[in-house]
1. Leaving out ligands, DNA and RNA, and with a 1.4 Å probe, what % of the accessible surface on the protein assembly as shown is carbon or sulfur?
2. Can you give the mean number of other chain Cβ atoms that lie within 10 Å of the Cβ atoms in peptide A:308-316?
3. Shape of the range B:296-402 from its Cα gyration tensor (a ≥ b ≥ c, root eigenvalues): rounded if a/c is under 1.5, otherwise prolate when a/b > b/c, or oblate?
4. Taking amide H positions as placed 1.01 Å from N in the peptide plane, with prolines and chain starts having none, which residues 5 or more places from B:Y501, or on another chain, fall under 5 Å of its amide H?
5. Fully extended, how many nm does the chain gain between B:T508 and B:N588 (0.36 nm per residue separation, minus their Cα-Cα distance)?
6. Among the residues of chain A, which one places its Cβ closest to the rotation axis that maps chain A onto chain B, and what is that distance in whole Å?
7. From the helices alone, meaning DSSP H stretches of at least four residues, give me the mean residue ellipticity at 222 nm for the protein assembly as shown, per-run term -39500 (n - 2.57), in deg cm²/dmol to the nearest 500.
8. When the chain is fully extended, how far beyond the present Cα-Cα distance does B:V216 get from B:D324, taking 0.36 nm per residue of separation?
There are 2 protein chains.
Amino acid sequence: MSAADLMAVLLAEHLRYDFANPANPANDHLIFSKGHASPLLYSMYKAAGAITDAELLTFRAAGSRLEGHPTPRLPWVDVATGSLGFGLPVGAGIALTAKRLDHLPYRVWALCGDSELAEGSIWEAFELAGYEGLDNLTAILDVNRLGQRGETRHGWDIDAYARRLQAFGWHTVEIDGHDIEAIDAAFRQARRTQGQPIAIIARTVKGRGVKAVENVDGAHGKPVPDADEAIAELGGIGDLAVQVMPPQSASSPALAARAARGSTDGRTGQMFMPSYEPGESVATRTAFGEALVALGDLRPDVVALDGEVADSTKAQAFADKHPDRFFECYIAEQQMIATALGLQTRGWVPFASTFAAFLTRAYDFIRMAAISRANLKLVGSHAGVSIGQDGPSQMALEDLAALRAVHGSVLLYPCDANQTSALVAAMAEHEGISYLRTSRGNTPVIYRPDDEFHVGGSRIVRAGADDQVTIIGAGVTVHEAIKAADALAGQGISARVIDLYSIKPVDTGTLRLAADQTGRFVTVEDHWPEGGLGDAVLAAFGNGHQAPALTKLAVHTMPGSAHPDEQLREAGIDAKAIEAAATALIANVAVG
Amino acid sequence: MSAADLMAVLLAEHLRYDFANPANPANDHLIFSKGHASPLLYSMYKAAGAITDAELLTFRAAGSRLEGHPTPRLPWVDVATGSLGFGLPVGAGIALTAKRLDHLPYRVWALCGDSELAEGSIWEAFELAGYEGLDNLTAILDVNRLGQRGETRHGWDIDAYARRLQAFGWHTVEIDGHDIEAIDAAFRQARRTQGQPIAIIARTVKGRGVKAVENVDGAHGKPVPDADEAIAELGGIGDLAVQVMPPQSASSPALAARAARGSTDGRTGQMFMPSYEPGESVATRTAFGEALVALGDLRPDVVALDGEVADSTKAQAFADKHPDRFFECYIAEQQMIATALGLQTRGWVPFASTFAAFLTRAYDFIRMAAISRANLKLVGSHAGVSIGQDGPSQMALEDLAALRAVHGSVLLYPCDANQTSALVAAMAEHEGISYLRTSRGNTPVIYRPDDEFHVGGSRIVRAGADDQVTIIGAGVTVHEAIKAADALAGQGISARVIDLYSIKPVDTGTLRLAADQTGRFVTVEDHWPEGGLGDAVLAAFGNGHQAPALTKLAVHTMPGSAHPDEQLREAGIDAKAIEAAATALIANVAVG
C-alpha cells in the first residue's frame, strides 16, 4: 500500500512492457526486490489485463501462480524475490547486460523496501551500478519507515539514503511517494538521466489509505482488521484497467549473432574441447580455464564472471580471449551471482567462478537462483585440504554439502584435465544450476581425450571379477584411490575403483551393481564427512535397496597449514588411509 | 609490505596490548581483516616479543600456529580471517560490545585491504559503526591499488572511499601510508575523535621496499623473486624489538556482574526454564522466545541478536525483558553473525536469530566462526514447507545440510515446547556453534516438563518388543510419525517412533539398537533429501556397522504457496506418506 501510488504511475506512464509477449527482448524489467509486496505486483498484472480477477483471488492458495512472494512461474517475473537484498542486485545485472551485451534500450525498474537497504548485497549492487553508470536502472526506494519489527535505522530520514547513494555515484531524487505529480516527474527524470543510475527515494506511509493500519507498527504481513471497511476507505470496489505501453521494437546485433548459435549447438560436445595427453600433469582449474576459452570460441552465448581471483580460478584465460564477454565482479560474490542471474534472464549462459570456499558467501543467492529456475554455472576452485598451506579459511570443505542441498543442482568434480574439459562442455549444455569443483594442484591426466563423461555418470577406473571392495573417490581422491588399489593388489586384495565425478545426480546403477558385486564400499573425499560424496553414495541406496557395508573417509579435524601431501595424510584421506580402511572392512572390523 | 609502515607506527605508539596476558579485558583488539597479510601480523608479534624468530620461520609449515591466514590458535587473534570482508564486521561487533556491555575503553583497530571494500558485508559494518557512532573503532584502509587480479575498481582514488565512508557517518583521514608522521598524526586523531568511527584511508604501494615487486601487478601471494636481494633492499637482517604499551587497567561493572555468573551456572538446567502442560498447543518458536527470556533472567552473560524479525522468531520476548542485552541487527545477517562473534570474543553468550532461510545469507560467516572456534548460538525459525503460504523463498529447506557441514556444529530441532525449553538451556551450556531449528505453526506439547533432552540425545516416543519398523522424525514430522504409527497399529503393524531432536551429534546407540531390533527405518524430514535428517541417521552406520533397510522421505519438488497441511501432503512427508512408506518397506517393495 505504501508503494501503490508509485507503481500506479509507473504502470500507467513509464513502464514499457508487452504483456502478451513477455519474451519480447525490448521489454522493460520490473523487479519487486521487496517481494512481500506481491499483492501490489499481482494487482498491477490485473490492471494490465495479464491476469483475471478470479486468478487474483487465488493469491497464496495451493496451486496458484500467485505465490506469497513472486516467482518465475509467472512469465513476467525475471527472478524469484522474497529474500530481501536480492532483487535489486539482479536488476543491476540485467541493466549491465543491456549495456554490455544486449545493446538494447530496455530499462530496469526495481522496487526496494527501506528495510532491505541494510543488506550488504544491496550496496554491492549500488557500487556496481554507480561505477558502471547504469542509467537504464532505476531503484525506487519505498521508504515507509516501518520494517517488519519496528522502525528502520533511518526511519523517514530519506536524506540519509540520498547521501549514501550520491557517494556511490547515483543520481537521487527525493519525493513524497504519494504525490502523483512528483512521482511522475521523478520517473520522467529517470528516463532522461544519462550516465548515472537513478534512485527515486520516496517518503511513503505504510498501510496508506486504510486508517486501521496506516503508519501503524506491528501490522506488517497481516490482513487488515476489517476488509469491507478498508475497501470502502479505498473508494469501493473498482475495476481499474491500465493500457501499458509496449516497448518500441529494437534490434540487437549481439542477440542476432547469438541467435545463430543454433547451428553450433552440437559442436559443443567434447570433440571441440581442449585435450590432454595421458601422463601429463595439469590442474583441473587450468583445464577449466582452457575449456571455457574453447566454449567461448564455439558459443557466442557463453559468458564468464569471476570474483577478482581469475588468475587462481583460471577464468583469466577466458578474460584474455573474450574480454567483451568477461565480467570482473571484484570481491563481491553476491553481486557476481546476481549479475550472472541477470545475464541468464536475457539468455546468456554464465559461468561464475571464485574459490569454492567463497561461493558460500553467496549461498542465499544460489538458493534463490534455484527458486528462480535459473540457468547458472558455478565453478569453485581450491577445494579441500589439498590446497595445502593457505589454511582452512581458503579451503572449501562444505561446498558439496551446501550445493548438493540446492534444489535441482548438478555437482561435478573432475580428477583430470580431459574429464574437466568434457564436464565443462556438459555444463554448458545443461539447463539449470550446475557446479564444478576444481582443484589447485596438478593431477596426472588419466583419461583419454575421447573418453566420455556426462551429468549423472561415473567412471569405473578399474574392476575385476574378484573385487572384494569398491573404493569411491572424486577429484584428488581418485588418484589416492588408484594408489590404494595398487597397494591392496600387492596384498592380494582386488579392489574396484569408481571415479564418482558426478556427485549429483549420482550414478545409482553403477553403485548398486558395485554393491552387489563387491559388498563393501570405501568412500573417500576431501570434504567434511557431512553431506558430501559419502552421503551422495548412500543416496543411491535406501528405498528398498540395501546399502553395502561402508566406510566413509573424510576430513574430521580442522586443518592448519601444511604441504598438500601432509594435509591428505593428516586428514586420513590418502592412499594409506584408504588401504587401511579397505583391509579393516574386509576383515569386518568395526572402526567407529 | 604496503601496510608495514602503518602497522609499525600502530604497534610502537598506539596499540595498547598486554602480550603476556591476552585475556586482559582492557587490551585493544587488532584484527587483520586482510588476513593474507599474516606475515606482517606475525612480524608484529615477533617485534613485540610474543613469538621468537625460530617460530616466525615456521610460517605455513605443518603444525605451526603461524598459518597462512591468522586463526585463534594464536592467543592474540580474536577471530580467524582470510575470507575477505569478515574481519572488519567482527571488529565493529567488538567495538559495539565495548560501548554497550563491557563499558571498557579498549579500542579496535582493523586493517582492511582495498579489494575487500567491494564486499557488501563491509558496508553492513560501516553502516552499523557509523550509526552507532563507534569512536572506539578505527578502520585502517590499506589502499595499495592492486588486488589479487589487477587493479581494484577505485585504484588509488582514495577520495572515492572517503566520500562513501563520510556518507555512512564516518570520520575519514586520507594519508600517504608511507609517511610516518602522517600515519602517527592519523592514529592520534583516531584516539581523539569522539562520536564517530574513524577510517584512516592510506594510499600505499604494494610490495613497498622491494623493487622487483613494488607496485607490480601479478605478484600477489607469491614469494619475492630473490629473497637475499629483497632483504638487502630492506636494509639487511635486523632484529627489531618494540615495547608495546600495555593498557591501563580498567574495571567494568557489567563484567563484574557477569563474573558472578559462576554461582548461577548450575541453575540453567531445565528446572528453571519455562514449562508447558502436555496437550497445550505451542509453536516451538514461541517456546524459544520464552526460554530465552528465562535464560536471560538466570544468566547475565546471555545476549540476543535478531535480524529485524524478532516478532516472528519470538526473540522479541527477550528484547522486551532484557532490552540492554538485545541487539537489533536489522536485515543484515552477516553483520548479525559478526556482532555475535564480537560479543563472544568478550565472553558474552550470543543467541542470533532470524528465519532459518535467511541464515544462509551469513553462511560464510558461520563457516569462519567455526575456524574461529567461536561460541555461537544460532536460531532459525520458519523452517520447511510447513510454514505454508509464504512460499519457497521463506522456507529453509537446506539449513540442516549447510549447518551440519559446519565443523563441530550441533544441530537441534525440537518438536514441542518443553523440549525446546530444555534444548535452549543445553545450547547455553554448550561451547561451540549450535543451531536450533524452530517451527512456525503450533504443535502439541507431547513431553512432560521434567523430561530430559540433551545434545546428542534422541527420544523414543514409542517402542515395543515386536516393532517391525522404526520411524524417525524431528520437529514437525515427529507428530506425523506418531499419527502414522497409530495408523500402522490399526493395520497390526507395530512401529517404533524416534524423535531425533539432536540431528548432530546423532544418537548412534539408539539408532543402531533400533536397526538391530526392527531392521527397517523410515526417516521423514521437512527438508530437501540431501544432507538433512536422513543423511544424519545414515551417519550412525557405516564404518563396520551395517545400515538398516531405509526409506527416506523428504521434500523433492519445489513448493509453492499452500496451507501447511497441504504442503506436508504435497511433499510426501505427512502421516499418510509415512504409513505408505513403512508398509512398502515391510513388504520389501523397492520404490526408487
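1. Of the solvent-accessible surface of the protein assembly as shown, carbon and sulfur hold 50 percent.
2. Counting Cβ atoms of other protein chains within 10 Å of each residue's Cβ and averaging gives 4.
3. oblate
4. Hits under the 5 Å cutoff: B:R459.
5. 26.3 nm
6. Here the value is A:G120, 1.
7. Helix-only estimate at 222 nm: -10000 deg cm²/dmol.
8. Between B:V216 and B:D324, full extension yields an extra 33.9 nm.
The values are calculated or read from the model by the stated rules, or taken from the named source; none is laboratory data. Model, not experiment: these values are computed from the prediction. As a convention, Cβ positions derive from the backbone with ideal geometry for all residues, glycine included, and neighbour counts pool all protein chains shown. Heavy atoms of the whole protein, side chains included, go into the accessibility calculation; ligands, DNA and RNA do not. Shrake-Rupley method; radii C 1.70, N 1.55, O 1.52, S 1.80 Å.
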